[in-house]
Amino acid sequence: MEKSITEKIIQSHCDKKELRRGELIKAKVDFAFANDITGPLAISVFNEIGSKEVFDRNKITLIADHFTPNKDIKSAEQTKILKEFSIAQNLNYYYELGQVGIEHALLPEKGLVLPGQLIIGADSHTPTSGALGALAIGVGSTDLGVTMATGEVWLKVPESMKFIYGGKLNRWVGGKDLILYTISKIGVDGANYRVMEFAGEVIKNLSMDNRFTMCNMAIEAGAKSGIIEADEITEKYLHEKTEKKYTILKSDPDAEYEKVIEIDVTDIEPQVAFPHLPENSKGISEVKDILIDQSVIGSCTNGRIEDLRIAAEILKNNKVNKRVRLIIIPATQQIYLEALEEGLLKIFIESGAVVSPPTCGPCLGGHMGVLAKGERAVSTTNRNFVGRMGHPESEIYLAGPAIAAASAITGKISSPEEVI
Amino acid sequence: MRIIGKVWKFGNHIDTDIIIPARYLNTSDPNELALHCMEDYVRDFVKKISPGDIIIAGDNFGCGSSREHAPIAIKEAGISCVIASSFARIFFRNAINIGLPIFESSEASLGVLQGDELEVFPEEGIIKNITQNRVFKTNPMPVFIQSIIASGGLVEYTKKEIERR
Ligand code: SF4
C-alpha cells in the first residue's frame, strides 16, 4: 500500500509489518522533552513507576522556558525539580536561564530533532519540529514520564489531511497568515486526531522559519501534528546545526489522504484572528479601528530571526504609539545574539519597544507582560482563548510580526502598508 | 461500576485555559489546581459543585495546551466524569492516563440539560438521564485503552509491563 510520510515514520518506529489506520500501537521514540510546567509532573510519574534510570540520557531534555526567569518561588521550585533530575540522571542536555530558549525554537536550533524521527514532547506545540520532516507529537506529563522510563509511547495510527498551497504570496504574507487562513477554513477542530501535511509550490519555496510557524499551529486545528517533507531548504538548515545523520522520508505519490485541500494563496491577505478562537481569522482589510494596549512579538510561533527582521523593517525610524506597550521576545539566546549583531535590538529600543529575554512569559499570561481587565493586545503568539494572556476580560488578536509591529506604531490593528 | 451525578453543562471548544488558567500552573499540586477549576467561566465553580457531579460539553472539549493539570483539576475538584460530543486529542490521552472517565456521545451532549441527574455505566457505555428518563449509548473504548483504565491509569499499567519484562 502507498503510504504517507507519517505512516512511514510510525512504521519505522514499531515492529509491526503492516499498519492499519486507527490501530493502536506502541512506538519507539527518538527524542522526548518536557518543560517547567509539564516536567515536574512527568518526573513524579517516572518515580511512581519505580524507574531508576531514563531509557537514554542523550534522548531526553528538560527545558525551563515557561516562567523563566523564574517569576516566583513556586516556579523556581519547579525549575529546581528539573535541574535536580537532570543532574541525577546525568542528562546530556538540560536548559535553563542563560542557555534556555522556547523549547520548540530551541530543539531544531540545537540540532536535537531531525527528519524521519518520532519525537514526543509534553507540550502541545511539539508539532513545530514537524517542519523538519519528523513526526512530532504533543502528549501529557504521564505519557512523557512513561516514555522517559521505557523509550516508548502508545499511539493511534492517524489519518492524514494534505494541504496543497499554490499561487503567488503577497507582500507581508508569511507562514502565520497561511496557517491562520487555513484554520479559519477548517475550524479549530477541523483536523482533530489527524496529521496536517503541508505541501505544494508555495511550501517548497518557504523558509524554515515560516515552515516552523505553520507546523507550530497545526494543534490549533486540533491536529495530532503538522508535517512538511524535508528538502534542500531543510538540509541546508540542518547542515549549519548538526553533523548527525538522518533519514529523509517522503509520502508516496498515491498515498491515501482523508482529505486533500488545495489553497490558492494569491488572494490571501495578512491575517488577524479575532478573540477568542484562532479560527476567527480575517484579512487585514476587513479590520477597522481596533485600538490596542499591547503588542507582543515572540513565542514559539513567531519569535525567530526572520520575524524579528520583519518587525525591525517596519519599526525602523518609527515610534511606538504612546498608548501601546510593545514587547519583543527573541525565542532563543542564539536569535537574541543574531538580532544584536544585525542591529535589530537597537531599532527596537529606539522605537520604544522593550526586549525581553527568551521566555514564554506573556504568551500564556505567565509574566513579563500580562493584560489588565478590558485591555486588548495584538500578538504573534498562537492562542487567543479567554484569559490566555491575562485578565479573563482582556482580548487577544493573533497576527504575524508585520501587523504586530505596524499596529504598535499606529495604536490600532493596522496593515504594514499604513506605516511603510 | 456506576457513576451518579448532577450535570454541569458547557459549550463547544472548552479549552485548557478555561479548565485551569495558566497563571496557576506554577504548581502541580492537585488540591491547589482543583481550587481554580473553570473559575474564569463559572464563578466559584468548585464551591458550587457536589462530589460526583458530571461535566457535559459539546465539541472539542479540552482543546489547547497539553497540560495534564486540566484533567487533574477536574478530577480533584470532585467531578466524576466528562461527557462530550468530542474531545481534543491530548486531553483525551491525558484523561485516560490519569484515570478520569470520559465518554464521547453527541446524543448525550445534546439530550441533557443543566442540573439533570445522570447515571453512567462505563463498562457498558450506557448513559441514563434519570431526570428526563432517556438512555444514550456510547461506543465502548478500544481494548487497549480499557486495559490501561482497568489497571488504574498508565502508571499502574506500565509498572506491570516493567515487572513482566
Ligand atoms: S511560547 Fe506560548 S505556545 Fe509556545 S511553548 Fe511557550 S507558552 Fe506554549
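The values are calculated or read from the model by the stated rules, or taken from the named source; none is laboratory data. None of these values were measured; they are calculated from a predicted model. Because the Cβ atoms are built from the backbone with ideal geometry, glycine has one as well, and the counts that use them run over all protein chains shown. Surface accessibility is based on the protein's heavy atoms, side chains included, excluding ligands, DNA and RNA. Shrake-Rupley method; radii C 1.70, N 1.55, O 1.52, S 1.80 Å.
In table form, for the structure just shown:
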{"read-out": "Share of carbon and sulfur in the accessible heavy-atom surface of the range A:122-269 [1.4 Å probe, %]", "value": "46 percent"}
{"read-out": "Fraction of accessible area attributable to carbon and sulfur, the range A:273-414 (%, probe 1.4 Å)", "value": "52 percent"}
{"read-out": "Shielded by partner chains, the range A:190-223 residues - at least 40 Å² of accessible area, 1.4 Å probe, vs chain alone", "value": "A:192, A:193"}
{"read-out": "Computed helical MRE - 222 nm, chain B, DSSP H runs ≥ 4 contributing -39500 (n - 2.57), nearest 500", "value": "-9000 deg cm²/dmol"}
{"read-out": "Averaged over A:61-67, number of beta-carbon atoms from partner chains that fall within 10 Å", "value": "1"}
{"read-out": "For the range A:5-263, accessible area per residue (1.4 Å probe, heavy atoms of protein chains only), Å²", "value": "35 Å²"}
{"read-out": "Of B:111, B:152, B:69, farthest towards positive along the dipole that unit charges on Lys, Arg, Asp, Glu beta carbons give chain B", "value": "B:152"}
{"read-out": "Contour minus Cα-Cα distance for residue A:205 and residue A:80 (0.36 nm per residue)", "value": "40.7 nm"}
{"read-out": "Subset of B:6/B:75; A:236/A:259; A:26/A:52; A:176/A:316; A:52/A:241; A:224/A:259 violating a 24 Å alpha-carbon distance limit", "value": "A:236/A:259; A:52/A:241"}
{"read-out": "DSSP beta bridge pairing in chain A, given as percent antiparallel to the nearest 5", "value": "20 percent"}
{"read-out": "Alpha carbon convex hull of chain A, volume per residue in cubic angstrom", "value": "128 Å³"}
{"read-out": "Estimated FRET transfer efficiency when R0 is 25 angstrom, pair residue A:171-residue A:259 (beta carbons, to 0.05)", "value": "0.25"}
{"read-out": "Principal axis dimensions, chain B - Cα atoms, whole angstrom, descending", "value": "50, 38, 24"}
{"read-out": "Residue-count net charge about residue A:141 - beta-carbon cut-off 9 Å; Lys, Arg +1, Asp, Glu -1", "value": "-1"}
{"read-out": "Spatial separation of Cα centroids for the range B:73-129 and the range A:307-341, in angstrom", "value": "45 Å"}
{"read-out": "Charge context of residue A:187, other residues only, Cβ under 12 angstrom, K/R +1, D/E -1", "value": "-3"}
{"read-out": "Over 26 Å between alpha carbons, listed pairs B:128/B:159; A:16/A:245; A:3/A:156", "value": "B:128/B:159"}
{"read-out": "Estimated 222 nm signal from helices in chain A, with DSSP H stretches of n ≥ 4 weighted -39500 (n - 2.57), rounded to 500", "value": "-8500 deg cm²/dmol"}
{"read-out": "Per residue, in Å², the accessible surface of chain B once ligands and nucleic acids are set aside, probe 1.4 Å", "value": "41 Å²"}
{"read-out": "Largest to smallest accessible area among A:368, A:208 [probe 1.4 Å]", "value": "A:368, A:208"}
{"read-out": "Sequence ranges B:66-73, B:129-136, B:99-106, ranked by mean other-Cβ count within 10 angstrom, highest first", "value": "B:66-73, B:99-106, B:129-136"}
{"read-out": "Summed residue charge, Cβ within 11 Å of residue A:378's Cβ, Lys/Arg positive, Asp/Glu negative", "value": "0"}
{"read-out": "Total accessible area lost when B and A pair, probe 1.4 Å, Å² to nearest 100", "value": "3800 Å²"}
{"read-out": "For the range B:20-43, residues shielded by at least 20 square angstrom of accessible area compared with the chain on its own, probe 1.4 Å", "value": "B:22, B:23, B:25, B:26, B:28, B:32, B:40"}
